[in-house]
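The values are calculated or read from the model by the stated rules, or taken from the named source; none is laboratory data. Remember, predicted model here, so these are calculated numbers, not experimental data. As a convention, Cβ positions derive from the backbone with ideal geometry for all residues, glycine included, and neighbour counts pool all protein chains shown.
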Amino acid sequence: MKKLIAGNWKMNGSLAANEALLSALAQGLAVDQPLCDVAVCVPAPYLAQVHALVSSQPALSVLGLGAQDVSNQASGAYTGEVSAAMLRELGCRYVIVGHSERRQYHGETDAVVAGKVQQALAAAVTPIVCVGETLSEREAGQTEAVVKRQLAAVIHANGHCISEIVVAYEPVWAIGTGKTASPEEAQAVHAVLRAQLKAATDQAARVKILYGGSMNASNAASLLAQPDIDGGLIGGASLKAPDFLTIIAAARA
Ligand code: 13P
């Protein structure tokens, strides 16, 4: 399966910084076209800018545009929310759903995350559904139970459409900390998620399961070599063009 390397810019960037980052990516991609799918998930106010820049530079045409969150409602009196239809209209192919930073700081429950996935799928935007355990959950031996519970809520609410999602395993203790799950630790959880998807759909083999959490230019190749690691969701390293390009190159195999 073609791997997917998705950058999550989080709450970073500016009009000027985005333009500089994308033009550095364009230079790299012009000489070395990726053999994997690539996406950048940018803050909502910059979706239109990034869409315009990506559309105007042929080397960037491989970049799929993504958002970082979506409402679990279709439209109406939900001040501050952004709907899946709006994202679609702005050219989004992807949206990150249920990132641990949203679960942790914005109280997103498994049910809310499942509703967001429903909205994204209904608007033909591919949700990148994040699951992952905290350090204390890992230390208590609950990793498997936690990620299975998080994914089960999404499977339950989305039935046969489940093969249309992308899953991202992001151990919370590895995000932004410089601590990465070892390739074997990550693969073990990915295998659990794959088995859970297999029980829900006969299309599980084509669901991409990304790893996220301090993936960088040096460790990407060994993580991406694992049989059930189908790509990466990259935070910090996606803001540095040379690092992001190295990770994209590592996903060729
Ligand atoms: P870092 O790559 O900065 O650890 O972030 C990972 C992440 O949260 C991507 O969604």
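Which of the following residues is closer than 21 Å to Lys3 by Cα, modelled with pLDDT of 95 or more and within 16 Å of the ligand (Cβ to nearest atom): Leu223, Leu197, Leu151?
Leu223
Looking at Ser163, Ser214, Ser238, Ser136, which one is part of a helix (DSSP H, G or I) and within 16 Å of the ligand (Cβ to nearest atom)?
Exactly one of Ser163, Ser214, Ser238, Ser136 is part of a helix (DSSP H, G or I) and within 16 Å of the ligand (Cβ to nearest atom), namely Ser238.
Within the stretch 168-185, restricting attention to residues that are in contact with a helix residue (DSSP H, G or I) (Cβ under 6 Å, 6 or more places away or on another chain) and among the hydrophobic types (A, V, I, L, M, F, W, C), which residue is farthest from Ala67 (Cα to Cα)?
So the residue we want is Ala181.
Mind checking which pairs have a first residue in the stretch 168-196 that is part of a helix (DSSP H, G or I) and a second that is within 13 Å of the ligand (Cβ to nearest atom) and not hydroxyl-bearing (Ser, Thr, Tyr), Cβ under 7 Å, 6 or more apart or different chains?
Val172/Gly132; Trp173/Lys179; Ala174/Ala181; Ala174/Gly213; Pro183/Leu223; Ala186/Leu223; Leu193/Val167
Listed here are the residues, each with its yes/no results for (1) touching a Pro at 6+ places or on another chain (Cβ under 9 Å); (2) within 16 Å of the ligand (Cβ to nearest atom); (3) not small (Gly, Ala, Ser).
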residue: Gln68; (1), (2), (3): yes, yes, yes
residue: Ser71; (1), (2), (3): no, no, no
residue: Met86; (1), (2), (3): no, no, yes
residue: Tyr105; (1), (2), (3): no, yes, yes
residue: Lys116; (1), (2), (3): yes, yes, yes
residue: Thr126; (1), (2), (3): no, yes, yes
residue: Val131; (1), (2), (3): no, yes, yes
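Which is surrounded by fewer than 20 Cβ atoms within 10 Å (Cβ to Cβ), free of Cβ contacts under 8 Å to residues at least 40 places away in the same chain and either of a type in the set (S, T, N, Q) or at positive phi (or both), of Ser222, Ser163?
Matching residue, one of Ser222, Ser163: Ser222.
Could you please give the count of residues in the stretch 38-54 that are surrounded by 22 or more Cβ atoms within 10 Å (Cβ to Cβ) and within 16 Å of the ligand (Cβ to nearest atom)?
Residues in the stretch 38-54 being surrounded by 22 or more Cβ atoms within 10 Å (Cβ to Cβ) and within 16 Å of the ligand (Cβ to nearest atom): 5 in total.
Is it the case, given these coordinates, that Ala59 is in a helix (DSSP H, G or I) and either among the aliphatic types (A, V, I, L, M) or over 18 Å from His99 (Cα atoms) (or both)?
Against the criterion (in a helix (DSSP H, G or I) and either among the aliphatic types (A, V, I, L, M) or over 18 Å from His99 (Cα atoms) (or both)), Ala59 qualifies.
Identify, from the list Thr143, Thr201, the residue that is among the hydroxyl-bearing types (Ser, Thr, Tyr) and out of contact with any Asp or Glu (no Cβ under 6 Å at 6 or more places or on another chain).
Thr201
Go over the candidates Ala253, Ala249 one by one and state the one that is at pLDDT 95 or above and not in a strand (DSSP E or B).
Ala249 is the lone residue from the list that is at pLDDT 95 or above and not in a strand (DSSP E or B).
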